[in-house]
1. Filter the range 93-133 down to the residues that are of a type in the set (Gly, Ala, Ser), in a loop (DSSP other than H, G, I, E, B) and under 30 Å from Gly79 (Cβ atoms) and list them by number.
2. Would you please list the contacts, defined by Cβ atoms under 7 Å and residues six or more apart or on different chains, that run from a residue in the range 134-154 that is touching a residue at least 60 places away in the same chain (Cβ under 8 Å) and more than 26 Å from Ile69 (Cα to Cα) to a residue that is among the aromatic types (Phe, Trp, Tyr) and assigned to a loop (DSSP other than H, G, I, E, B)?
3. Only one of (1) without any contact (Cβ under 8 Å) to a residue 12 or more places away in the chain; (2) in contact with a Gly (Cβ under 8 Å, 6 or more places away or on another chain) fails for Ser116. Which number is that?
4. Suppose the filter is over 16 Å from Gly187 (Cα atoms), under 22 Å from the mean Cα position of the chain (by Cα) and at pLDDT below 95; does Ala18 pass it?
5. Cβ contacts < 6 Å: first residue touching a residue at least 60 places away in the same chain (Cβ under 8 Å), restricted to the range 164-192; second residue of a type in the set (Phe, Trp, Tyr) and part of a strand (DSSP E or B), any location; separation 6+ or different chain. Result?
6. For the range 134-145, state whether one or more residues are touching a strand residue (DSSP E or B) at 6+ places or on another chain (Cβ under 7 Å), under 22 Å from Thr57 (Cα atoms) and among the acidic types (Asp, Glu).
7. Quick check on the range 135-150. Is at least one of its residues crowded, with 17+ Cβ neighbours inside 10 Å, polar (S, T, N, Q) and modelled with pLDDT under 95?
8. Evaluate the following for Leu111: is it over 26 Å from Gly187 (Cβ atoms) and of a type in the set (A, V, I, L, M, F, W, C)?
Amino acid sequence: MFTIKRAVLGLLIASGMASASQAAVVGPITTTTPISATTTDFTGNLVFAKFNSSLGTLTSVTLQIGSDISTKLTVTNLGTTASSGNARTEVTVTVVDPANSANFNLVNDILTPKFSYNLAAGATVTSGTINANGATVTNVFTDAMTLVDFTGSGTISLGVSTFTATLLANSGGNTSSTQNTTATATGQVTYTYNVAVVPEPTTIVLLGLGGMMLMIPALRRRSS
C-alpha cells in the first residue's frame, strides 16, 4: 500500500508541474512612428503597441533602438600657419519613457568615420557626405515601473531626442568646424511574459483517479 501511495503522490506532483506557468514571447514589434532622416537636433516620439495583459504576466521588456546618420563637415583654418587633422560628427540619440523614469535609460551614441584634412592658412574644406548606418542599442527592462508602463490596451509613446557635436583633432593653425547632419530613429520592442498552462483533459482525469486511490484506504477502514 505504501508503494501505491508513493506512486500516486508522484503522479499528482507530475501533473501539478504540468500545469505550472511557462515563459512566452511576443515580438519583436516595430514602432508605428519611425522617424525618417531629419536635420538634427530634433525631438519626436516612437510609438509601440502595449503588452496585452490577457496573455499573461509581463516579466521583461526588451527595447532596441536603431539610427542612421548622414553628415557633411566644413573645416576652416583661421590661423596663419598650415593645419592638418581630422573631424567627425557624433550624434547621441536618447529615448525616455512617458514618466521619465530613472530606471529607464536608453542612449545610442553614434560616431561617423573620420574626415581627414590638410589646410593652408585661411583655407576651408568641406567633406562629401559621410554616413554611419545601422547603429543599434538594446536594453532589457525588468523593473516594476517599466512593466506597468508597457502593459495595457492601446499604445505607449516614448520620447526621442538627439544631441549633435563635432569632434576636431588638429595640429598647427587654428581650425574650427561646422556640420550639417540628419538622423533617423526607429525601434522594436519584445515582450517576455509568463502564461499559466491549462491542464489537458488527460491530466485532469489522472488527478481525479489519484485522489480516488488515496481515499480508498480511508473508506476501507470505515467499512471495517
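1. If we filter the range 93-133 for residues that are of a type in the set (Gly, Ala, Ser), which is where we start, we get 99, 101-102, 116, 120-123, 127-128, 132.
Subset that is in a loop (DSSP other than H, G, I, E, B): 99, 101-102, 120-123, 127-128.
Within the range 93-133, Ala120, Ala121, Gly122, Ala123, Ser127, Gly128 meet the criteria.
2. Listed pairs, sorted by first residue: Phe141/Phe104; Thr146/Phe104.
3. The single condition Ser116 does not satisfy is (1).
4. Numbers: over 16 Å from Gly187 (Cα atoms): yes; under 22 Å from the mean Cα position of the chain (by Cα): no; at pLDDT below 95: yes.
In short, no.
5. Partner pairs satisfying both residue conditions: Val189/Phe48; Tyr191/Phe51.
6. no
7. Keep residues of the range 135-150 that are crowded, with 17+ Cβ neighbours inside 10 Å, which gives 135, 137, 141, 146-147, 149-150.
Narrowing further to those that are polar (S, T, N, Q): 146.
Filter again for modelled with pLDDT under 95, leaving 146.
Looking through the range 135-150, at least one residue is crowded, with 17+ Cβ neighbours inside 10 Å, polar (S, T, N, Q) and modelled with pLDDT under 95.
8. Numbers: over 26 Å from Gly187 (Cβ atoms): no; of a type in the set (A, V, I, L, M, F, W, C): yes.
Spelling it out, it is not the case that Leu111 is over 26 Å from Gly187 (Cβ atoms) and of a type in the set (A, V, I, L, M, F, W, C).
The values are calculated or read from the model by the stated rules, or taken from the named source; none is laboratory data. All of these numbers come straight from a predicted model, not from anything done at the bench. Heads up, the Cβs are rebuilt from the backbone with ideal geometry, glycines too, and the neighbour counts pull from every protein chain shown.
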